[in-house]
Amino acid sequence: MAKNIYIKTFGCQMNDYDSERMYRIMEARGWRRVEKADDADLIVINTCSVRDKAEHKAVSEVGMMKRVKRKNPKCVTVLAGCVAQQHGEKLLGRAPNLDLVLGTHALHKLPELVEKCLEGRKMAQTDWDYENLYLDERYPGAGESGRLSWKGSLASGFVSIMNGCDMRCSYCIVPRVRGREISRPMVSILREIEGLVSSGVREITLLGQIVNRYGRDAKDRLAFYNLLKNALEIEGLKRLSFASSHPNYMTPEVIGLIDTETRLASHIHLPVQSGSDAILKAMRRGHTIKKYKETVGALRKARAGLSVTSDLIVGYPGESEEDFQATCDLLEEIRFDGLFAFMYSPRPETPAESLEETVSPEEKSARLKRVHEIAMPIIEEKNRALVGKTLDVIVHGFHERDAKYFGRSSCYRVVHFEGDDLRVGDTVRVAVTKGLPNSLLGSVVVSG
Ligand code: SAM
Ligand code: SF4
Ligand code: F3S
């Protein structure tokens, strides 16, 4: 029987990582990844439930896969990830073409459960399984392949360093769907990075909900710093970055490393969520605006030109005009290099679920528009300010369309550039010639 697997991924980088892990687990058992759902015998929709819209998109994707089952009745359809963990078995009733609901702690069970589905069974697996979250030793293939990629680039890879979240921000469903915060053993992380680097990956991003809390479950304040130091010793690794960080857990040791270790990316993703202390308190974020600004100040002092990106929510219950103005003022003051802004979406089983929504949908949308009107020109201005500068860029690929290479700079910009005879994974010095709203143009001055 043909064994083709197709995975469609929604949500954050953690889901990209999990999808890659499912691919590897199945590839180790003879399955082959395909680019189109229509060619698949196993379809996995890896879902996100962080906002209402994301959840609906993922569930409707399952419905769209009915067409494949009509052509290939033996095709197994799986809904995996955060929506699976949230709704469990109920989803089987909502989508008749669905065979398996696979929760966030059950990815390693995919092969055995698919076997059962092939025998005609339908089931949901959403038990918490903290023992088996990281199985790279037991599953050959996981932790060894170089195919883990950043948007398809073989030069760049993600490595999960922790799972779950213990922060309990009032609006957030992640702790409910990903479970308790568990730090992955350091040896296992380092082994995975070594495996990726030896297969050609040059740039690694360490992933966790709050990466700088790494090791807190073992009460090891310096665990994240030690992890970074050890990872930087891996020969062949050209750039290391991490996301997301939280201002309260940014230790002087990590800031010191950003100062001295140039292979740490010139980029930090530090979500702020709101510019108002009253809203931050209601959100139970655990930090103030003063603390946020101090952290950004210390980081920018440690590394000139550090790019700072952030997440923001508008229209949280109780967000007044003044609160929102404080967010606008913060955007002008910090001048982010990139921003992901969202309208608040009430989520089931979160502390904020029962709060009365005080900001109308129209007003949320107007506030989001205002945020973009402030943030986007700043981002473009900062991109234009890089014209004439020379940046270290890791080559991710080549576009036939415009005959240009593309890659990512240490300051996290996508760069399109002219050059000769480059390979994916090369590091080049690129002189920036133009700053666009979301990327830079340039040409190679030195390759190596
Ligand atoms: N762990 C990361 C942190 O706290 O920095 C964030 C992870 S969350 C998956 C990504 C972003 O989604 C958050 O930073 C927040 O801005 C946004 N988000 C989370 N819950 C949301 C909600 N209920 N409505 C709107 N946006 C939300
Ligand atoms: Fe959600 Fe807060 Fe945890 Fe981030 S830190 S995942 S926003 S609960
Ligand atoms: Fe990520 Fe969405 Fe789950 S943002 S952790 S995939 S709820």
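Accessible surface computed residue by residue for the range 162-243, with neighbouring protein chains in place and a 1.4 Å probe, gives 37 Å² per residue.
What a 1.4 Å probe finds exposed on the chain is 50% carbon and sulfur by accessible area, rounded to a whole percent. In a reduced charge model with +1 at each Lys and Arg Cβ and -1 at each Asp and Glu Cβ, the chain shows a dipole moment near 640 debye about its Cα centre.
Counting heavy atoms of the protein chains alone, S274 has an accessible area of about 0 Å² for a 1.4 Å probe. In the chain, taking the dipole from charged Cβ atoms about the Cα centre, the farthest positive-side position among C172, N97, V308 is held by N97. Over 27 Å between Cα atoms, which of K66/K90; K57/K364; K8/K74; K36/K122; K57/K281; K57/K109 qualify? Table pairs above 27 Å Cα-Cα are K57/K281. Here the convex hull built on the C-alpha positions of the chain has a volume of 149 cubic angstrom per residue. In a fully extended conformation the segment linking R94 and V446 would gain 121.1 nm over its present Cα-Cα distance, using 0.36 nm per residue.
Above 19 Å, the calculated P(r) of the range 211-298 contains 43 percent of its Cα-Cα pairs. Scalar couplings 3J(HN,Hα) for the range 90-105, obtained by applying the Karplus form with A = 6.51, B = -1.76, C = 1.60 to θ = phi - 60°, are 3, 5, 4, x, 7, 9, x, 7, 7, 9, 9, 10, 10, x, 5, 9 Hz; x denotes Gly and Pro.
Under conditions of 25 °C and 0.890 mPa s, the range 1-130 yields 172 µm² s⁻¹ as its translational diffusion coefficient, taking Rh as the Kirkwood radius over Cα pairs in the Stokes-Einstein equation.
The DSSP beta bridges internal to the chain are antiparallel in roughly 35% of cases. In this calculation the C-beta distance from T260 to F340 is compared with R0 = 45 Å, giving a FRET efficiency of 0.95. In the full protein context, the range 1-125 carries 41 Å² of accessible surface per residue, based on a 1.4 Å probe and ignoring ligands, DNA and RNA. On the basis of the beta-carbon distance and an R0 of 25 Å, K57 and S360 show a calculated FRET efficiency of 0.60. Taking the Cα centre of the range 239-322 as reference, the dipole from Cβ charges on Lys and Arg (+1) and Asp and Glu (-1) amounts to some 240 debye.
For the range 321-371, the solvent-accessible area with a 1.4 angstrom probe is 54 square angstrom per residue.
In this structure, K74 and E322 have a Cβ-Cβ separation that, at R0 = 56 Å, corresponds to a calculated FRET efficiency of about 0.40. Picking from G157, G407, G93, which is most flexible by a Gaussian network model of the chain using Cα springs under 10 Å? Greatest mean-square fluctuation among the candidates belongs to G93. Restricted to Cα atoms, the range 302-448 shows a radius of gyration and a Dmax of 19.5, 59 angstrom. Each of M26, M167 has its accessible area taken with a 1.4 Å probe; listed largest first, they run M167, M26. Among H269, H416, H87, which one shows the highest mean-square fluctuation when the chain is modelled as a Gaussian network with alpha-carbon springs under 10 Å? With Cα springs under 10 Å in the chain, the top fluctuation among H269, H416, H87 is at H87.
The charge dipole of the range 164-209, taken about the Cα centre with unit charges on the Cβ atoms of Lys, Arg (+1) and Asp, Glu (-1), comes to about 220 debye, rounded to the nearest 20. Between E115 and R284, the modelled label-to-label distance comes to 4.2 nm, taking each label 7 Å out from Cα in the direction of the beta carbon.
For the chain, C12, C48, C75, C82, C117, C165, C328, C411 stand unpaired, since no other cysteine beta carbon lies under 4.7 Å from theirs. Going by accessible surface with a 1.4 Å probe and the largest first, M162, M64, M343, M123 read M64, M343, M123, M162.
The values are calculated or read from the model by the stated rules, or taken from the named source; none is laboratory data. Model, not experiment: these values are computed from the prediction. Ideal geometry is used to build each Cβ from the backbone, glycine not excepted, and the neighbour counts take in all protein chains shown. Each accessible area value is taken on the protein alone, full model and side chains, heavy atoms only, with ligands, DNA and RNA left out. Shrake-Rupley method; radii C 1.70, N 1.55, O 1.52, S 1.80 Å.
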